1. Considering only the stretch 102-114, state which residues are more than 35 Å from the chain's Cα centre (by Cα) and under 15 Å from residue 92 (Cβ atoms).
2. Would a scan of the stretch 26-43 turn up a residue that is touching a Leu at 6+ places or on another chain (Cβ under 8 Å) and over 27 Å from residue 176 (Cβ atoms)?
3. Quick one: in the stretch 181-200, which of the residues that are under 37 Å from the mean Cα position of the chain (by Cα), within 30 Å of residue 168 (Cβ to Cβ) and open to solvent by less than 60 Å² (accessible area, probe 1.4 Å) is modelled with the highest pLDDT?
4. Looking only at the stretch 91-122, count every residue that is within 13 Å of residue 158 (Cα to Cα), surrounded by fewer than 24 Cβ atoms within 10 Å (Cβ to Cβ) and out of contact with any strand residue (DSSP E or B) (no Cβ under 6 Å at 6 or more places or on another chain) and tell me the total.
5. Quick check on this structure: which one of 119, 126, 100 is under 15 Å from residue 18 (Cβ atoms) and either touching a residue at least 60 places away in the same chain (Cβ under 8 Å) or of a type in the set (Gly, Ala, Ser) (or both)?
6. Among what's in the stretch 152-175 and is open to solvent by 30 Å² or more (accessible area, probe 1.4 Å) and within 41 Å of the chain's Cα centre (by Cα), pick the residue that is modelled with the lowest pLDDT.
7. Taking the stretch 19-71 on its own, how many of its residues are under 25 Å from residue 148 (Cβ atoms) and aromatic (Phe, Trp, Tyr)?
8. Given (1) open to solvent by less than 50 Å² (accessible area, probe 1.4 Å); (2) in a helix (DSSP H, G or I); (3) over 24 Å from residue 190 (Cβ atoms), identify the lone condition not met by residue 125.
Amino acid sequence: MKCYNIVKKTDNSAELNLYGEVVKTRPIDWWTGKPVPGDFIIQDEIMKDLDELTGIDSLTVRINSVGGDYYAGVAIRNRIRDMGIRVDTVNDSLAASAGSIIMQAAGNGGKRKVFTTSSMMVHQVSGYMRGYYNRTELKKAVKELDTADELAAICYAESGTVSKEDAAAAMEEETWMTGEQAVEKGFADEVIVAGQAKEVVLDNQYQMRTGGMLFNAGWLRNCASLPNNIKKVENLTPEAKGENEMEKFSNLAELKAAYPQFVAEAEEAARNAAEAQLDERVNNAVNQAVAQERQRMQQIDEIAGAVTDRAMVNDAKYQNPVSAEKFAFNMMKQQAQVRKNALDDMVQDADNSGAGNVTAAAAVNEDDAEKAKVLANIARFAEEANKKQ
């Protein structure tokens, strides 16, 4: 599941929730090859999702981010501002580093809004270096960082009342601000009085919890001093990591009211899973029935060669379907009846011939004697058949 979502509203507006660490692509664990667990604001995925918002009149972007990839943050900010619609940004709890860059996406009459206890942090762009470097290579790296810092200062100055120079100075000092301070310094426009953001908590392993989200804030190791609005604890135990969000809701209606998109996605996933399971069961049942019917027809065909009555075969296969065993039984009954009818006819013929009344003649020719033998044999055969019935 994404740690951000898009909610389209009936008034032709939309809300985009961006909660997590800013990255360009989804991080992959080098050892396992699987996605790294955690909450991420992923540039590549957001760019595709923003295409769904074509035709809306306004957009509200809600942010809770510890920051991350600077250039990914700039790309997201520029893409949103380029939509040509009113955009309001809301700092739900924390907008730090690249998160504060995305916060500057407000435009076309929109405002950058903060709560009184929201936190914002701006600092210079950082880079990671490892290995051996010569003087020229280091100068090149510094030039790249200088350019990135200048562009970041322009982002802040374009969106608010802070000058490029003051923004650059605040970045150099690594400035932490409350919501009200962000407005005073020109990094935000408006304080939302109704409502409070959640506290920011940091432990000794530089795991940060804010707004119900857990982040890796290792870059704070280089911070000379933490602002007063960050609570320092020894360890973020499961209990200290914050309240269980689900415990706040006593029924599904409350959960749906608080997280409509999340619940909608969960319900859709459940429906899709149920439909897929039902389709699989139906397909299996159909395939099994087809296989059984094919086997039944084949078995009837294997024994139908001994039957001259094709109507009987067609009836067993199509009109009044029966199993191969039942068909074989019916075929045996029919053949037994045929034999019985034949015997009855032979007996009747013998009776009609008067063979039973034939007596020996004093003198007969050879032909008459042979006929008498045949008739006598038929009479005996008929008599034995009647005894067996």
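1. 111
2. No: the stretch 26-43 contains no residue that is touching a Leu at 6+ places or on another chain (Cβ under 8 Å) and over 27 Å from residue 176 (Cβ atoms).
3. Within the stretch 181-200, the match that is modelled with the highest pLDDT is 192.
4. Qualifying residue count for the region: 0.
5. It is 100.
6. The selected residue is 158.
7. So the answer is 4.
8. Condition (2) is where residue 125 drops out.
The values are calculated or read from the model by the stated rules, or taken from the named source; none is laboratory data. Nothing here was measured: the structure is a model prediction, and the numbers come from that model. Cβ coordinates were reconstructed from backbone atoms using ideal geometry, including for glycine residues, and neighbour counts include every protein chain displayed. Keep in mind that these areas ignore ligands, DNA and RNA; they rest on the heavy atoms of the full protein, side chains included. Shrake-Rupley method; radii C 1.70, N 1.55, O 1.52, S 1.80 Å.
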